[in-house]
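One structure below.
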Amino acid sequence: MPRPIQATIDLQALRHNLALIQATAPDALVWGVVKANAYGHGIERVFDALRAADGIALLDLSEAERVRQLGWRGPILLLEGVFETRDLELCSRLNLWHVVHCEAQIDMLAVHKTHQGHRVFLKINTGMNRLGFAPQAFRAAWTRLNALPQVDEISIMSHFSDADTDKGIAAAMSVFHEYTHDLSGERSLSNSAATLRHAKDLKVRSDWVRPGIALYGSSPDHPENTADQWGLKPVMSLNAAIIGVQHLQAGDSVGYGSLFVANRPMRIGVVACGYADGYPRHAPTGTPVCVDGIRTRTLGRVSMDMITVDITDLPHADRGSEVTLWGQPQKTNQPSVGVSIDEVARAAGTVGYELMCALAARVPVTVLGTL
Ligand SMILES: *Cc1c(COP(=O)(O)O)cnc(C)c1O
């Protein structure tokens, strides 16, 4: 028998989340963001559920090739654009749309030999200060691009630094408006947080939204709003089993560093999941887990292949019991609230994004909800 750990990817949940985004931004087209191998879910695994998106956005040219190999003929957007001139050949050949965020990328386009005009998304820096033209340089970049025979159509994009925080998007929107309002072209501004939180206060039209995390059922602004509150359903679940049971007396400790010490007699379950599976090592004692669909907590230090959980008050829990590290239990018949990946991430001082992206290759994955 293989080691009892399993990730499941629920395509019905992904279809639901995509439909929810579409309903939230009914006038916008949707880029399904699948960078980082679909946030750790696997591009090939989730592709079928993303057919209803209007385009696929990603970073790596190799990921773009994989999406074309899956038969996707619709738009594909390279969110960081090209890295060297040669990359433009693949853009021409596979008809990839690409972001242009700096002068060097315009230089590359200017020397690129192609008969097919490229569709580009010109990026303005509205305060994130990562990629994008400074507002004062934006018009010149647009004009220069617009004059190139290699360029077919220019869209305008930006990325918010604070769509998920109290600061919000007002300052960025006012920069965007001031420097782009009289330039033609489609607009793309919103990630998941902006789509869910600010759909109504975008002061410009939103032709394309770019949800990533919401598609996968994690909340972009947890804990202010939970995934449940947004109506998002978890796509990835991680379940393992109890493979050993220990009885502790008061004063006994568990695991490396004796980090947890029992103050009363306790029963603990040893679970076949550790940081080498992608469970965060920084998750402290008390991080929520479910055992047979009932919530309890982790104890002591997360080790490479195992964690320990408190089953003192769960007399039916035993070797073989299903342990839900995040997402939904797969075996129990009782209705369960499961464990949101955002709660686990928060306990470990990170975000759901990082946990899903870090699901380890050694964990077997089952896909549910294929049509
Ligand atoms: C990753 C990314 C997104 C998606 O962000 P989420 O927070 O996952 O919705 C959107 N736009 C750009 C430019 C990105 O890099």
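Points worth noting:
- Net charge in the neighbourhood of THR287 (other residues with Cβ under 10 Å of its Cβ; Lys, Arg +1, Asp, Glu -1) is +1.
- Inter-centroid distance (Cα atoms) of region 159-228 relative to region 115-149, Å: 19
- Cα pair distances of region 236-368 binned at 10 Å [whole percent]: 13, 48, 33, 6, 0
- Across the alpha-carbon set of region 11-220, the Rg to Rh ratio works out to 0.95, Rh being the Kirkwood radius.
- Low-density loop cleavage sites - GluC sites (Glu not before Pro) in region 57-152, where at most 14 other Cβ are within 10 Å (DSSP): GLU84
- Total formal charge among the other residues, if their Cβ is under 15 angstrom from that of LYS331, Lys/Arg +1 and Asp/Glu -1: -3
- As a proxy for reagent exposure, ranking TYR256, TYR179, TYR216 by other Cβ atoms within 10 Å from fewest up yields TYR256, TYR179, TYR216.
- Spatially, region 240-269 and region 342-371 are offset by 26 Å when compared through their Cα centroids.
- Listed by chain and number, the lysines whose C-alpha is less than 17 Å from the C-alpha of LYS200, apart from same-chain residues fewer than 8 away, are LYS167.
- Cβ-to-Cβ counts within 10 Å put VAL34, VAL365 in ascending order as VAL365, VAL34, the fewest first.
- Against the main long axis of the alpha-carbon atoms of the chain, helix 11-24 sits at an angle near 50°.
- Crossing angle, helix 135-146 versus the chain [Cα axis fit, 0-90 degrees, rounded to tens]: 60
- Rule-of-thumb Rg ratio for the chain [Cα; 2.2 N^0.38 Å; N residues]: 1.12
- Here each label is just a point 7 Å from Cα along the line to Cβ, and for ALA171 and VAL261 those points are 4.7 nm apart.
- In region 206-275, the C-alpha radius of gyration followed by the widest Cα-Cα span (Dmax) gives 19.5, 62 angstrom.
- Low-density loop positions, trypsin sites (Lys or Arg not before Pro), region 178-213 - DSSP coil, at most 14 other Cβ in 10 Å: LYS200, LYS203, ARG205
- Straight-line cross-link reach from LYS113 at under 15 Å between alpha-carbon atoms covers these aspartates and glutamates, not counting any fewer than eight positions away in the same chain: GLU84, ASP87, GLU89, ASP152.
- Counting only the Cα atoms, region 165-311 fills a convex hull of 151 Å³ per residue.
- Those aspartates and glutamates that a straight Cα-Cα span of less than 12 Å connects to LYS331, excepting residues fewer than 8 apart in one chain: ASP292, GLU322
- For LYS123, net neighbour charge (Lys/Arg +1, Asp/Glu -1) across residues whose Cβ lies under 10 Å away: 0
- Ordering ARG119, ARG210, ARG73, ARG139 from the fewest to the most neighbouring beta carbons within 10 Å gives ARG73, ARG139, ARG119, ARG210.
- Summary value for the chain: 18 percent relative contact order, contacts being C-alpha pairs under 8 angstrom separated by 6+ residues.
Rule-based calculations on the coordinates, nothing more; no lab input. What you see is a predicted model, and the numbers here were worked out from it, not measured in a lab. Virtual Cβ from ideal backbone geometry, glycine too; neighbours counted across all protein chains shown.
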